[in-house]
Amino acid sequence: MTLFTSKLPNTKPSIFTVMSVLAQKHGAVNLSQGFPDFPCSSELIDLVTFYMKNGDNQYAPMSGVPELRKQISQKFEKLYGITVDAKNEITVTSGATEGLYSAISAFIRPNDEVIIFEPAYDSYRPAVELNGGKIIPVKLTFPDFRIDWEATAQAISERTKMLIVNFPHNPSGSVLEQEDLEELVQLTKNTDILILSDEVYEHLVFDHHSHRPIFQHPELRKRTLAVYSFGKTFHATGWKVGYCIASKNLSKEFRKTHEFVTFSTNTPFQKAIAEHLKKPKNYLDLSSFFQKKRDHFNQILMDSRFEFLPTKSTYFQLANYRQISDEKDTDFAVRMTQEFGVAVIPISVFYTDGTDNQLIRFCFAKESGTLQMAGEKLIQI
C-alpha cells in the first residue's frame, strides 16, 4: 500500500554527508565538509556556560534576543555604514539554512520561478521545490565565476519571483563587484522580484577585496533578504545560530514562517554571541586568519599536479586535476578518498546538468597539522 508520494523524489543524501561518511570509513583526512577542526574561542565557550548557569535556558523572543539584534545592528553600522532597525529588520534564526528556508517558504508559491546561480549550494533547490516553486539555473562564467548578466536577463519571465545570490561564493570563492550591484538594480527595477542573498562568508574575504552587502544598496534594500551565519564566523557550525536582515515589511512576512519552523533560537548561545560581538576584533581578524591558512595550504601543494583557481573569499580552494586524470570529478573524488586518503567535494554536483570542469573543492579551515597531513598525501598523486 502506498501511503504517500515523495515531494522530493530526486533528492538524495547531500554530497557533504556522502563524502564525510566515506572519509570516516576509509580513515581519510576530511577536507570535504565545510567545518573547522580547531576549537572556537574559549571566551565564547565561557560566556555560553555563564548564561546557562545564570538560568538563561528558556525560550528566547521569536525574533531573537534584543541585545544580540542590537549588536548585529551596531556591527553593520561600523562595517558597512548601514543603519539597520534592530527591532524590525533583524531576525535571529536557527542557522543560516533555516533562514534561507524560511525566506523561501514565506514568499514562494506554486509555479513561482526562482533563479539560482550555479554552481549553487545544495539547500536552495529542495527548499524551492518543497514550496511548489521551479528552479531556473543560470551558470556563472567559467573560470572566474562571475554572474552572466545577459544570461540572467534572458532567464527572467513573468513568473520570476526571486533571485538567490550567494557571495562570497561557495564553492568558488568569488566576490561581487560594485558593477554587479548596479546590474542587479537595473535587472530588478520596476519588477516584484525579491533577492535572497546568502552572505554567510561575509568576514572571509582576502587580498584587499571587499564584501558588498546587497542590503547596503539603497535601491536593492527594499527587495532583499540577507542571511548570515555565526557558525561560520565563530568556528561553531554545530551551534546553528544565524540571522536574516530585511526591511520591516519583508521581515514581518519572514517571521510568520520562522515562527512556525523553529519559533526561536537557542537562548544562552544568543546571549553569549551578543557579548562576544562587543569586541570587533573577534570578527575583524578573520580575513587575515583564513588568508594565512589559504596561503599555507597552497604553499604545501605548490609542487603538486593540482592547478589552483584564485580564491578571493570563503575557506574553500578549488583545484583542477586535469594533469592527473580524465575521470569524472565524482569518480575522482571517491578514488581520492579511498586510495589517497583525502576527502574532497566534486563541483559537478552543484550544477543542474552536472557540468564537469574537472574541479574539486578543498576546505582549508583546518589545523596546520591537518593541512600538512593532507598535503603529504596529495603531493604524491
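The values are calculated or read from the model by the stated rules, or taken from the named source; none is laboratory data. Please read these numbers as outputs of a predicted model, since none were measured by experiment. Don't worry about glycine lacking a Cβ; one is built from the backbone with ideal geometry, like all the others, and counts go over all protein chains shown.
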All positions within segment 102-113 that are closer than 23 Å to Ala155 by Cβ and in a helix (DSSP H, G or I): Ala103, Ile104, Ser105, Ala106, Phe107
Filtered residues of segment 339-363 (kept if under 15 Å from His169 (Cα atoms) and out of contact with any Pro (no Cβ under 8 Å at 6 or more places or on another chain)): Phe362, Cys363
Selection from segment 335-361 of residues that are in contact with a helix residue (DSSP H, G or I) (Cβ under 7 Å, 6 or more places away or on another chain) and either in a strand (DSSP E or B) or among the β-branched types (Val, Ile, Thr) (or both): Thr337, Val342, Ala343, Val344, Ile345, Pro346, Ile347, Val349, Thr355, Leu359, Ile360, Arg361
Residue that is nearest to Pro36 (Cα to Cα) [pool: residues in segment 219-246 that are buried (at least 18 other Cβ atoms within 10 Å of the Cβ) and small (Gly, Ala, Ser)]: Ala236
Qualifying helices (runs of 4 or more DSSP H) (wholly inside segment 1-87; at least 3 residues being touching a residue at least 40 places away in the same chain (Cβ under 8 Å) and among the charged types (D, E, K, R)): 66-80
Given (1) under 20 Å from Lys7 (Cβ atoms); (2) crowded, with 19+ Cβ neighbours inside 10 Å; (3) acidic (Asp, Glu), index of the condition Asp122 fails: (2)
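Give the number of residues within segment 58-71 that are closer than 19 Å to Gly95 by Cβ, surrounded by 12 or more Cβ atoms within 10 Å (Cβ to Cβ) and not β-branched (Val, Ile, Thr). Break it down into steps so the answer makes sense when it comes.
Quick first cut of segment 58-71, residues closer than 19 Å to Gly95 by Cβ only: 59-65, 68-69, 71.
If we keep only those that are surrounded by 12 or more Cβ atoms within 10 Å (Cβ to Cβ) as well, we get 60-65, 68-69, 71.
From what's left, not β-branched (Val, Ile, Thr): 60-64, 68-69, 71.
Adding up the residues that qualify gives 8.
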Residues of segment 215-268 satisfying the condition of being part of a helix (DSSP H, G or I) and either on the phi > 0 side of the Ramachandran plot or small (Gly, Ala, Ser) (or both): Gly231, Gly238, Ser251
Members of segment 1-55 found to be over 27 Å from Tyr201 (Cα atoms) and polar (S, T, N, Q), listed by number: Thr2, Thr5, Ser6, Asn10, Asn54
Matching entry among Ile90, Ile82 (being at pLDDT below 95 and either touching a Ser or Thr at 6+ places or on another chain (Cβ under 8 Å) or farther than 28 Å from Gly34 by Cα (or both)): Ile82
Which numbered condition Thr314 misses (of (1) buried (at least 23 other Cβ atoms within 10 Å of the Cβ); (2) touching a strand residue (DSSP E or B) at 6+ places or on another chain (Cβ under 8 Å); (3) not aliphatic (A, V, I, L, M)): (2)
Only one of Phe38, Phe50, Phe117 that is under 24 Å from the mean Cα position of the chain (by Cα), at pLDDT 95 or above and either in the same structural domain as Ile245 (by TED's automatic domain parsing) or within 30 Å of Ala319 (Cβ to Cβ) (or both): Phe117
Yes/no for Glu183 being of a type outside the set (A, V, I, L, M, F, W, C), assigned to a loop (DSSP other than H, G, I, E, B) and surrounded by fewer than 18 Cβ atoms within 10 Å (Cβ to Cβ): no
Residues of segment 362-377 satisfying the condition of being surrounded by 15 or more Cβ atoms within 10 Å (Cβ to Cβ) and in a loop (DSSP other than H, G, I, E, B): Phe364, Ala365, Lys366
